[in-house]
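The next block holds one structure in the form of structure tokens; read it before the comments.
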């Protein structure tokens, strides 16, 4: 599968890609599709802990674990 981008070059289909295709690129959050990361995976933990609407409500540490479990294949 190849990256699909919007008019600003932000990768929209990260969940179906590999880590090599998205690392250090502009990526829309693969879980909630609401946050644009300037350089994946920088900032994923703060987003997951507090703002990601695609995760279950709960403590920050549990939200981060859930985010990592869902996106494990997108981390090196």
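Coordinate-derived values only; no laboratory data. Quantities reported herein were computed from a predicted structural model and do not represent experimental measurements. Every residue, glycine among them, receives a Cβ derived from its backbone with ideal geometry; neighbour counts consider all protein chains shown.
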Fill in: Sum of -39500 (n - 2.57) over DSSP H runs of 4+, divided by residues of the chain (222 nm, nearest 500)
-8000 deg cm²/dmol
Worksheet entry | FRET efficiency estimate (nearest 0.05) - Cβ-Cβ, residue 60 to residue 8, R0 25 angstrom | 0.30
Worksheet item: What nm distance separates the two modelled labels at residue 50 and residue 20, each placed 7 Å from Cα along Cα→Cβ?
Response: 3.6
Discussion item. Contact order normalised by length for segment 14-70, with contacts defined as Cα pairs under 8 Å and 6 or more residues apart; what percent is it?
Written reply: 25
Discussion item. Tell me the label only: which of (1) 11.4, 32; (2) 14.2, 44; (3) 11.7, 35 is Rg and Dmax of the Cα atoms in Å as calculated from this structure?
Written reply: (3)
